[in-house]
Amino acid sequence: MKNSRFTARAGGSPVASCLVTLAWGLSVALAGIGPAQAMDLSHRDDLTPADREKVAGVLSHPDDPGTVEAFEIMAGGAATSRKKLNTTAFSFPSANLSFEEQRDFLLGNGLFEKFWVSSPASTQASDGLGPLFNARSCQGCHLRDGRGHPPRAGEEPVALFLRLSVPPETEAERTMLDEGRALVLPEPTYGTQFQTFAVQGLPAEGRLRVSYAEKPVTLADGTEVSLRVPTYEMTDLGYGPMRPDVMVSPRVAPQMIGLGLLEAIHPGDILARADPEDADGDGISGRASLRRDAQTGEWVLGRFGWKASEPTVRSQSAGAFAGDIGISSPDVPKPFGDCMPAQTACFDLPTGEQAHLGESEAPDPVMALVDFYSRNLAVPARRDVDAPEVLTGKALFSDLGCASCHTPKYVTSRKAAQPGHRFQLIWPYTDLLLHDMGEGLADHRPAGSASGREWRTPPLWGIGLTELVSGQESYLHDGRARTLEEAILWHGGEGQAARDGYAALEKADRDALIRFLKSL
């Protein structure tokens, strides 16, 4: 576990000042946690002293990491789904929703699955698609609310797309990025996202081709595993050449479960685990992602997205509406989506904004219902938590240091916005921090606080159901890993030691670790 050392490294930058603000009141939290030691939760301003004592006990490490812990099966606390598992395992509502909330969830589900059409259209409440876009619906990328995957042979990519940006060239651009007034600088002609579809009559931005080369890796016992190394090519560019120094980052859509519970984690619990300068010398730093709030301009903690660039589920959803589908919302009022001034024909087309329906193409309550749906997709209950092989794998997960970034458990804030998310013991297996994952996974495209080698630790809850829900396994930010073993072997940078530890295990222990992951 990491200590909070923000004050010592405050410096004078806006980011450092924000860290100090967010971490104010934190003492050296979680230091030297052992089985008999309770962690310092003085930063938990939502808890009474009695609550803090109780929570500290619940969150302490077990004497033996290879044992079953109380309530471990209920990964999402009282919101956990215990429905029969099938391909819709990620699509059930939180189990503790009220009747009225279940109604809102179903309405949000309908909007999440809705196919948007181009304007003008006879269906006035569903038009506004594009003009440039990657998908026609939220469900198009988050199939059955699960993670996306790269295209199979002969398929056009939908759930995988490319982020675009360019490095700063002027002092003014560097200042704008340093001050957080922009997350990235868009490619001058193609914007921040390469969009492979367009409404009728408008050229798409081009085609995305993905190819792979196999890279053999030999484990300590002689077992050979093949990793696939992706190459991305943008062809048939519809609006002329890109800037030669364009930076590209491939992304697949992440799974949707448990997002509201992640938002309900107290920010101090996340900041307490950061150690940006690796002051304890364990090889694992962990940095908080910070960005300017679009409404207030204040620095806020990022939690969502592959680079933790978005602070809330709503901001993540609004950004996807605009970037992926070209739908404007009160939060991101861009009816032309990611169209750039150089794409003049894009701005000559009609939008779906209609004054009598609202000020944007997805006004509230549309945006509010999609946000509610996205925050309340339930985490399925764990399976086989007491199986001997699973417990062996759980102990190895701890011994190898995987839990240093994939933090197993939290107790959510009593001040969470939604009553059902308050004071829940949850098991997401993430610290929501940025980590250098090495050259093999680097995209060399900074975004906000995140460098070109950093990625947010993704939650692991539900990962064992990936194949059941999505019909195939694909992991990491671009879906390159076809198995959990491949995903582990791609870890570098701060994850290198854990990766090497896994590679040195005997087969039976490797199988046990994978079995544990499959139980999440």
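General remarks:
- For segment 140-149, the criterion of being of a type outside the set (Val, Ile, Thr) and open to solvent by 50 Å² or more (accessible area, probe 1.4 Å) is met by at least one residue.
- If the condition is being in a loop (DSSP other than H, G, I, E, B), within 28 Å of the chain's Cα centre (by Cα) and over 27 Å from LEU202 (Cα atoms), then segment 223-251 contributes no residue at all.
- Residues that are under 19 Å from ARG422 (Cα atoms) and touching a helix residue (DSSP H, G or I) at 6+ places or on another chain (Cβ under 9 Å), drawn from segment 86-103: PRO93, SER94, ALA95, ASN96, LEU97, SER98, GLU101
- Checked against (1) part of a helix (DSSP H, G or I); (2) at negative phi; (3) basic (Lys, Arg); (4) in contact (Cβ under 8 Å) with a residue 60 or more places away in the chain, ARG163 meets all criteria but (1).
- First in segment 378-393 and free of Cβ contacts under 8 Å to residues at least 40 places away in the same chain, second anywhere and crowded, with 17+ Cβ neighbours inside 10 Å, Cβ under 9 Å, 6 or more apart: PRO388/ALA512
- For segment 277-286, residues that are in contact (Cβ under 8 Å) with a residue 24 or more places away in the chain and farther than 15 Å from GLY438 by Cα total 4.
- Among the residues of segment 86-102, those identified as surrounded by fewer than 17 Cβ atoms within 10 Å (Cβ to Cβ) and either closer than 20 Å to LEU143 by Cβ or among the hydrophobic types (A, V, I, L, M, F, W, C) (or both) are ASN86, THR87, THR88, PHE99.
So that you can scan it fast, the table gives a plain yes or no per residue for (1) surrounded by fewer than 20 Cβ atoms within 10 Å (Cβ to Cβ); (2) touching a helix residue (DSSP H, G or I) at 6+ places or on another chain (Cβ under 9 Å); (3) closer than 28 Å to VAL332 by Cα; (4) modelled with pLDDT of 95 or more:
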position: ALA381; (1), (2), (3), (4): yes, no, no, yes
position: ASP386; (1), (2), (3), (4): yes, no, no, yes
position: GLU389; (1), (2), (3), (4): yes, yes, no, yes
position: PHE397; (1), (2), (3), (4): no, yes, no, yes
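- Residue in segment 279-295 that is under 18 Å from the mean Cα position of the chain (by Cα), within 27 Å of SER94 (Cα to Cα) and charged (D, E, K, R) present: no
- On the stretch given as segment 265-306, residues that are on the phi < 0 side of the Ramachandran plot, in a loop (DSSP other than H, G, I, E, B), buried (at least 20 other Cβ atoms within 10 Å of the Cβ) and in contact with a Pro (Cβ under 9 Å, 6 or more places away or on another chain) total 5.
- Qualifying residue in segment 487-508 (condition: without any contact (Cβ under 8 Å) to a residue 60 or more places away in the chain, assigned to a loop (DSSP other than H, G, I, E, B) and more than 16 Å from LEU396 (Cβ to Cβ)): yes
- Residue check, LEU484 under 15 Å from ASP436 (Cα atoms) and in contact with a Leu (Cβ under 8 Å, 6 or more places away or on another chain): no
- The set of residues from segment 166-185 being more than 21 Å from the chain's Cα centre (by Cα) and assigned to a loop (DSSP other than H, G, I, E, B) comprises PRO167, PRO168, GLU169, THR170, GLU179, ARG181.
- Residues satisfying the stated conditions in segment 409-444, i.e. under 18 Å from VAL248 (Cα atoms) and open to solvent by 10 Å² or more (accessible area, probe 1.4 Å): ASP436, MET437, GLU439, GLY440, ALA442, ASP443, HIS444
- Restricting segment 466-481 to residues that are of a type in the set (A, V, I, L, M) and open to solvent by 10 Å² or more (accessible area, probe 1.4 Å), the residue that is nearest to HIS435 (Cα to Cα): LEU476
- Failed item, numbered, when GLU361 is tested on (1) touching a residue at least 60 places away in the same chain (Cβ under 8 Å); (2) part of a helix (DSSP H, G or I); (3) over 30 Å from PRO408 (Cβ atoms): (2)
- Residues of segment 109-128 that turn out to be open to solvent by 10 Å² or more (accessible area, probe 1.4 Å), hydrophobic (A, V, I, L, M, F, W, C) and assigned to a loop (DSSP other than H, G, I, E, B), as a count: 2
- Residues of segment 350-374 that are surrounded by fewer than 23 Cβ atoms within 10 Å (Cβ to Cβ) and either of a type in the set (D, E, K, R) or within 25 Å of ARG243 (Cβ to Cβ) (or both): GLU353, GLU359, ASP364.
- Flag if HIS406 is part of a loop (DSSP other than H, G, I, E, B), open to solvent by 20 Å² or more (accessible area, probe 1.4 Å), touching a strand residue (DSSP E or B) at 6+ places or on another chain (Cβ under 9 Å) and of a type outside the set (A, V, I, L, M, F, W, C): no
The values are calculated or read from the model by the stated rules, or taken from the named source; none is laboratory data. On a predicted model such as this, the values are computed, not experimentally measured, just so you know. Reconstructed Cβ throughout: ideal geometry from the backbone, glycine too, with neighbour counts over all protein chains shown. Only protein heavy atoms, including side chains, enter the accessible area calculation; ligands, DNA and RNA are left aside. Shrake-Rupley method; radii C 1.70, N 1.55, O 1.52, S 1.80 Å.
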